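The block underneath contains the structure these notes are about, expressed in structure tokens.
The values are calculated or read from the model by the stated rules, or taken from the named source; none is laboratory data. Bear in mind that the values here come from a model prediction, so they are computed numbers and not experimental data. Methodologically, a virtual Cβ is constructed for each residue, glycine included, from the backbone with ideal geometry; neighbour enumeration extends over all protein chains shown.
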Amino acid sequence: MNSADKLIAELKRVLPASFSLRGDPRYAAAANIWPKNSRRPLAFVHCSTAEHVRVALSASLDAGLPVSVRGGGHDWEGRALCDGVVIDLTPMRRVALKHGGSAVEVGGGCRGTELFAVTDLIGMAATTASSGVVGLSGLTLGGGYGPLNAAFGLACDGLLEAEIVLANGTIVRTNAYNQPDLLWALRGGGGNFGVVTSMKLALHSVSSVFSGLILYPFSQARSVLDNLADFIAEAPEQLDVQVVMASGPEGAPVVAIAPTWSGAPNQGDAKIDRLRRLGEPLIENMQHSSYGASRNLFDSYAVNGRRTFMATRWVSHIQGETAAVIAERIACRPSQDCSIVTHDLRGAATRVDPAATAFGFRQRHVMLEIIAQSDEDLGGVSRGELWVRETANALNPFSFPGGYANLLALDERDRALYSFGPNALRLVATKLQYDPHDVFKSAIPLPFVSR
């Protein structure tokens, strides 16, 4: 009996209604992740409990097959899928308030969308991504940039507790009092240590936000970016400003300023007023809403099944030469599906001790996403991929070493060393303690761990 037959026989015995093979509609649905991917898993195991995960993991390892974990499926490298067995957590989307509403427990497959349906009703919010369709586990375990970072810290800073299935099949609940070294590693070290089946996250009072878009013509990009950098240096921590340099309604590039004010509702309009005067805007669309409703703004850009290539850089600010390079690279993009998106790290997120979490780069900075997408199924290096690489290289002289580990490519272990900095050795030691045989090799890259 070969490995595949052995696995299928075991799954039929222990989880007969919870797995799918090629040709099953459940298989097709689970394989439909954000980036188009050439990997074809042998099977998906659709897990509803930590015990299901334990059984699926045991059966896969006994059959000698590789495993990966599918949460939200929003990783550009497609790490959710492998050529072996995918532990599918999408059935695990339960959301439950804890501690009188000061925290929330979410299942391992939960996205921002499911969380908002609960937290918006009580005027609370966790630190999440800019888009509601992004999975909370992958975001949080890798660090977690988003519009509440300056006010409340990174998503990983709000991780209070996690239930995790380890490589040896043990189900552990880690927190500040039980195996705190594991919790430390989960706060930025990614899914390298086990399958996280639930997380307890801190909630913050956010009764509403004032958010939206202010569009500027691309011809004003240099001056808008320069003026914005001056503004952000003095901006209150309740105000996040994201920049999206992408195609506008007519296909031509625009500079989209996306503010989110999470402070007192009656102050929002005044706090963002200077953003209206960075240049001569084309369009403004700002409104008051719940925090969750405001995250729908970018959901339309997260269409599943497109060929995607990304790179990331950390820069201190976007002004002067850095702004010039970004504008020049957008001007020469090969298609309308190439864009650059910013995430500002400042305020509360920079006051966390770098040694307190695996995510150790706490210096004030801007994280850049350099993105190319296509509907074409191309072989080799596409024009968009080449543009991404050339743009990243052009930004190297202005960039810090390393980069956001959640966006590093599979072969970027050398950069991961700089990403984790002084925390790298402790992180690898924790990996060796909990997953010495690198069962969870489909996770974000770690330094010194050869895959």
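Entry remark, the range 411-436: residues being farther than 23 Å from residue 154 by Cβ and at pLDDT below 95 number 2 in total. It is to be established whether one or more residues within the range 60-79 are buried (at least 24 other Cβ atoms within 10 Å of the Cβ), on the phi < 0 side of the Ramachandran plot and more than 23 Å from the chain's Cα centre (by Cα). So far as the range 60-79 goes, yes, one or more of its residues are buried (at least 24 other Cβ atoms within 10 Å of the Cβ), on the phi < 0 side of the Ramachandran plot and more than 23 Å from the chain's Cα centre (by Cα). Taking the conditions exactly as written (touching a residue at least 40 places away in the same chain (Cβ under 8 Å), among the aliphatic types (A, V, I, L, M) and more than 21 Å from residue 437 (Cβ to Cβ)), does residue 106 satisfy them or not? So residue 106 passes the test. When the range 109-122 is limited to residues that are aliphatic (A, V, I, L, M) and in contact (Cβ under 8 Å) with a residue 24 or more places away in the chain, the one that is surrounded by the most Cβ atoms within 10 Å (Cβ to Cβ) turns out to be 115.
Return the residue satisfying two criteria in turn: it lies in the range 188-213 and is within 30 Å of residue 270 (Cβ to Cβ) and not small (Gly, Ala, Ser), and of such residues it is surrounded by the most Cβ atoms within 10 Å (Cβ to Cβ).
Going residue by residue through the range 188-213, those that are within 30 Å of residue 270 (Cβ to Cβ) are 202-213.
From what is left, the residues that are not small (Gly, Ala, Ser) are 203-204, 206, 209-210, 213.
Numbers: 203: 23, 204: 18, 206: 23, 209: 27, 210: 25, 213: 17.
Looking at the filtered set, the residue picked out is 209.
On the stretch given as the range 296-326, residues that are at pLDDT 95 or above and small (Gly, Ala, Ser) total 5. Residues of the range 277-295 that are touching a residue at least 60 places away in the same chain (Cβ under 8 Å) and loosely packed, with under 15 Cβ neighbours inside 10 Å: 280, 283, 284, 285, 287. Residues in the range 88-103 that are crowded, with 24+ Cβ neighbours inside 10 Å and in contact (Cβ under 8 Å) with a residue 60 or more places away in the chain: 89 only. Pairs are defined by a Cβ separation below 6 Å, a sequence spacing of at least 6 or placement on different chains, a first member in the range 246-260 that is more than 16 Å from residue 326 (Cβ to Cβ) and in contact (Cβ under 8 Å) with a residue 12 or more places away in the chain, and a second member that is assigned to a loop (DSSP other than H, G, I, E, B) and of a type in the set (S, T, N, Q); the pairs so defined are 251/336. Looking only at the range 1-59, which residues are touching a His at 6+ places or on another chain (Cβ under 7 Å) and assigned to a loop (DSSP other than H, G, I, E, B)? Answer for the range 1-59, where residues must be touching a His at 6+ places or on another chain (Cβ under 7 Å) and assigned to a loop (DSSP other than H, G, I, E, B): 15, 18, 34.
Please note which helices (runs of 4 or more DSSP H) are completely contained in the range 333-447 and include at least 3 residues that are within 23 Å of residue 181 (Cβ to Cβ), in contact with a Gly (Cβ under 6 Å, 6 or more places away or on another chain) and of a type in the set (Phe, Trp, Tyr). In the range 333-447, there are no helices (runs of 4 or more DSSP H) which contain 3 or more residues that are within 23 Å of residue 181 (Cβ to Cβ), in contact with a Gly (Cβ under 6 Å, 6 or more places away or on another chain) and of a type in the set (Phe, Trp, Tyr).
Just one residue in the set 125, 151 is surrounded by 24 or more Cβ atoms within 10 Å (Cβ to Cβ) and assigned by TED's automatic domain parsing to the domain that holds residue 184; that residue is 125.
So which of 144, 138, 132 ends up being under 24 Å from residue 356 (Cα atoms) and in a loop (DSSP other than H, G, I, E, B)?
Residue meeting the stated conditions: 144.
Per the conditions (1) in contact with a strand residue (DSSP E or B) (Cβ under 8 Å, 6 or more places away or on another chain); (2) in contact (Cβ under 8 Å) with a residue 40 or more places away in the chain, the sole criterion not satisfied by residue 52 is (2).
This table checks each residue for (1) in contact with a helix residue (DSSP H, G or I) (Cβ under 8 Å, 6 or more places away or on another chain); (2) aromatic (Phe, Trp, Tyr); (3) under 23 Å from residue 136 (Cβ atoms).
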{"position": "5", "(1), (2), (3)": "no, no, no"}
{"position": "12", "(1), (2), (3)": "no, no, no"}
{"position": "22", "(1), (2), (3)": "no, no, no"}
{"position": "54", "(1), (2), (3)": "no, no, yes"}
{"position": "72", "(1), (2), (3)": "yes, no, yes"}
{"position": "81", "(1), (2), (3)": "yes, no, yes"}
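Across the range 25-49, the qualifying residues are those that are within 23 Å of the chain's Cα centre (by Cα) and touching a residue at least 60 places away in the same chain (Cβ under 8 Å), and the one among them that is surrounded by the fewest Cβ atoms within 10 Å (Cβ to Cβ) is 32.
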